[in-house]
Each structure stands twice: as structure tokens, then as C-alpha cells.
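J.: Handing you this structure, nothing more for now.
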Amino acid sequence: MGQSHSQSQTHISVLPNEVVVSILQHLPPQEIKSAVLVCKSLREMGEKPRFWTWAVVTVNTKDDLQKLKRPRLQMVQEIDVTQGSHGGTGVQCNWIKEEGLADLFQVIGEIPTVKRIRGLEFCKGIQDIEPDLVVGVLNSLEELNLCYDFYDEEDFEDMPLRLEAEQLELLFTAVAEKTNLKFLQVSGQEMDEISPELFAAAVSNVEEVLLKEHFKEDITSEQFEALYAIIAAEDRPLRKLTCLSYYIDPMGDTDPDLLSKAFNRLEEFTTVNCGSGEQ
């Protein structure tokens with residue numbers, strides 16, 4: 001006589017919390033979204049910030065800042081301010097670009113896990129933000145496009161992100177000491193306010209750097225030479241260096257032996273004269 005087997009179902013509410021948490025940790029984003037809708041207990045456990053680090057928070061309007069105050073988003077790593085088609089009127093979506101950066105930085109200052117602010121280089125008003133707050137936010141990022149570029153062509157959007165002298169010096173001082181930055185692009189900043197030694201210490205402390213000379217002598221020959229000297233003398237984090245110039249030769253009259261030692265420590269070095277196209 002054959003035996004019949006029945007399967008019993010266990011409701012998730014009877015499982016130990018640590019088991020449920022372990023299950024949630026292995027769920028992909030879409031399933032996390034669904035899980036928190038199943039029942040109250042799952043919603044309470046699923047609201048923990050550790051389960052939402054993958055989320056990209058879009059901030060276009062002032063009301064969008066409320067998203068960053070939700071408990072589940074207190075460990076978010078990426079914010080998007082590129083003003084895509086996320087609803088709202090054109091005027092509302094323009095708020096973050098024209099006047100909302102100070103408010104955004106105040107909120108981000110309370111979320112130290114933010115590593116990327118997508119579209120930051122297209123926002124105005126950073127000069128009006130308190131220097132320590134600017135440095136705290138920017139130095140905690142992994143990617144920073146510090147760009148002040150304006151274009152005549154309609155296909156390109158202006159990049160008005162230019163720091164005041166005090167902000168710039170404090171930022172480079174912080175980066176030289178300790179930084180989360182993995183990629184740094186510098187263009188159109190008043191770099192003559194930065195000593196060659198500080199410039200070299202900060203730039204060489206980032207793994208990948210793009211230096212673009214947008215205005216005449218944005219970056220001086222002395223700063224370039226100090227950078228090569230510190231790379232040649234020390235084992236610095238910098239591994240990939242790209243220099244785009246319009247006015248001066250980034251290698252200039254630097255001693256060839258010094259250049260050789262510096263370049264041998266780098267994994268990749270590229271220099272382009274944008275005026276002539278020479279590489």
C-alpha cells in the first residue's frame with residue numbers, strides 16, 4: 001500500500017529574525033521591493049538601510065529632498081541630479097541645477113555613504129556653500145568632475161562647477177591627507193591659488209586623474225613638475241593620469257630622467273595638446 005506525503009508550509013512570521021534578514025540580503029532589488037509589501041513584519045525588517053544601498057535617488061525638485069530623509073535610504077550611495085524625464089514641470093526640474101545645490105549638500109552631509117552625485121558638474125551655486133560642508137561632501141565621493149566649462153555648441157551643456165579659492169584649497173588639503181576619491185577631473189579652476197606641493201600631494205593621492213587646461217595656465221608648469229617629482233619619489237595611489245592642454249606642454253622643460261621615473265610608476269599616462277591634436 002503506497003504512502004502519501006504532504007508538504008507543510010511555514011509562514012515567514014515564525015522564522016527567526018536573523019533567518020529572514022539573511023534571506024532579504026540575498027534578494028535582488030526588484031524582489032526587495034515586492035517583499036516589503038507582503039506583510040508588516042517583512043516591511044519593518046525590509047526597511048533597514050542595508051537593503052537599499054543599490055538605490056539611485058533622483059533629485060530634481062525641492063520636494064525630492066524628502067526622499068533622502070526616508071529611513072531606508074540612510075545608506076544610499078548614488079544620487080542623480082541630471083534632470084531626466086522624471087516628471088514635474090521644467091521650472092521644478094530646473095531647481096536643483098539653478099538654486100538647490102546648497103539644500104542638497106545639507107542633506108547629503110547627514111548621509112556619509114553617498115559616493116556618487118550624477119550630474120553635479122551641471123549645477124550652479126557651489127561657491128555660496130560653506131567651505132567645510134563642500135569639502136566634506138566632495139571628499140567623501142568616489143568620483144568627482146570638478147569642471148568649469150562653457151560651450152557655444154547646443155549639443156553640449158555648460159558645466160559651472162567652480163570653487164572659490166578657500167573651498168579649493170581646503171578640498172585639496174583634505175584630499176592630500178585622506179580621500180575616498182577614485183577618479184578626479186579638474187578643469188577651469190583657479191589652480192594658481194594652490195601651491196605646487198599641495199597640488200602634487202592631492203592629485204597623486206587619487207587613483208585616476210584627468211587634468212584639463214581649459215583657460216590659460218589653469219595648471220602651471222610648476223604644479224606639473226611637482227606632481228612628477230612626488231610620483232617619482234614615492235609610491236603614490238595615482239595609477240592613471242591624463243593631461244589635456246591648450247596652452248602649455250604638461251611636460252614642459254621637466255628633467256627627462258624625472259619624467260621617466262614618474263611614468264614608470266604609472267600604469268597609464270596620456271597627454272594631448274587639444275590645440276594641435278598631438279598626443
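The values are calculated or read from the model by the stated rules, or taken from the named source; none is laboratory data. Given the structure is predicted, the values throughout are model-derived calculations rather than measurements. We place every Cβ from the backbone using ideal geometry, glycine too, and count neighbours over all the protein chains shown. Only protein heavy atoms, including side chains, enter the accessible area calculation; ligands, DNA and RNA are left aside. Shrake-Rupley method; radii C 1.70, N 1.55, O 1.52, S 1.80 Å.
J.: Determine the pairs where a residue that is under 18 Å from residue 122 (Cα atoms), located within region 134-146, has a partner that is part of a strand (DSSP E or B) with Cβ atoms under 6 Å apart, the partner being 6 or more residues away or on another chain.
T.: Partner pairs satisfying both residue conditions: 138/144; 143/116; 143/183; 144/184; 145/185; 146/186.
J.: Right, something else. So, in region 127-150, exactly how many residues are touching a strand residue (DSSP E or B) at 6+ places or on another chain (Cβ under 7 Å) and open to solvent by less than 30 Å² (accessible area, probe 1.4 Å)? Even if it seems obvious, please write down each step before you answer.
T.: If we filter region 127-150 for residues that are touching a strand residue (DSSP E or B) at 6+ places or on another chain (Cβ under 7 Å), which is where we start, we get 138, 141-149.
Keeping just the survivors that are open to solvent by less than 30 Å² (accessible area, probe 1.4 Å) gives 138, 141, 144, 146-147, 149.
Residues in region 127-150 being touching a strand residue (DSSP E or B) at 6+ places or on another chain (Cβ under 7 Å) and open to solvent by less than 30 Å² (accessible area, probe 1.4 Å): 6 in total.
J.: I would also like to ask the following. Mind listing whichever residues of region 109-119 are over 19 Å from residue 166 (Cβ atoms) and either open to solvent by 30 Å² or more (accessible area, probe 1.4 Å) or out of contact with any strand residue (DSSP E or B) (no Cβ under 7 Å at 6 or more places or on another chain) (or both)?
T.: Initial filter on region 109-119 (over 19 Å from residue 166 (Cβ atoms)): 110-119.
Of everything in region 109-119, those that are over 19 Å from residue 166 (Cβ atoms) and either open to solvent by 30 Å² or more (accessible area, probe 1.4 Å) or out of contact with any strand residue (DSSP E or B) (no Cβ under 7 Å at 6 or more places or on another chain) (or both) turn out to be 110, 111, 112, 113, 115, 116, 118.
J.: Which one is most open to solvent (accessible area, probe 1.4 Å), of the residues in region 194-234 that are assigned to a loop (DSSP other than H, G, I, E, B) and among the hydrophobic types (A, V, I, L, M, F, W, C)?
T.: Out of the qualifying residues, it is 215.
J.: So, one more: Does residue 22 fit the bill of being surrounded by 10 or more Cβ atoms within 10 Å (Cβ to Cβ), at pLDDT 70 or above and either assigned to a helix (DSSP H, G or I) or out of contact with any Lys or Arg (no Cβ under 9 Å at 6 or more places or on another chain) (or both)? Walk me through it before giving the result.
T.: Details: surrounded by 10 or more Cβ atoms within 10 Å (Cβ to Cβ): yes; at pLDDT 70 or above: yes; either assigned to a helix (DSSP H, G or I) or out of contact with any Lys or Arg (no Cβ under 9 Å at 6 or more places or on another chain) (or both): yes.
Taking the combined requirement at face value, the residue satisfies it.
J.: Could you check residue 221 against (1) among the polar types (S, T, N, Q); (2) touching a strand residue (DSSP E or B) at 6+ places or on another chain (Cβ under 8 Å); (3) modelled with pLDDT under 95 and say which number it fails?
T.: Checking residue 221 against (1) among the polar types (S, T, N, Q); (2) touching a strand residue (DSSP E or B) at 6+ places or on another chain (Cβ under 8 Å); (3) modelled with pLDDT under 95, the one that fails is (2).
J.: Considering only residues of region 235-247 that are in contact with an Asp or Glu (Cβ under 7 Å, 6 or more places away or on another chain) and open to solvent by less than 30 Å² (accessible area, probe 1.4 Å), which is modelled with the lowest pLDDT?
T.: This residue is 245.
J.: Specify the residue that is surrounded by the fewest Cβ atoms within 10 Å (Cβ to Cβ); the eligible residues are those in region 173-193 that are among the hydroxyl-bearing types (Ser, Thr, Tyr) and over 16 Å from residue 220 (Cα atoms).
T.: Among those that are among the hydroxyl-bearing types (Ser, Thr, Tyr) and over 16 Å from residue 220 (Cα atoms), it is 173.
J.: So if I check each of 58, 53, which one is under 23 Å from residue 117 (Cβ atoms), touching a strand residue (DSSP E or B) at 6+ places or on another chain (Cβ under 6 Å) and open to solvent by less than 50 Å² (accessible area, probe 1.4 Å)?
T.: 58
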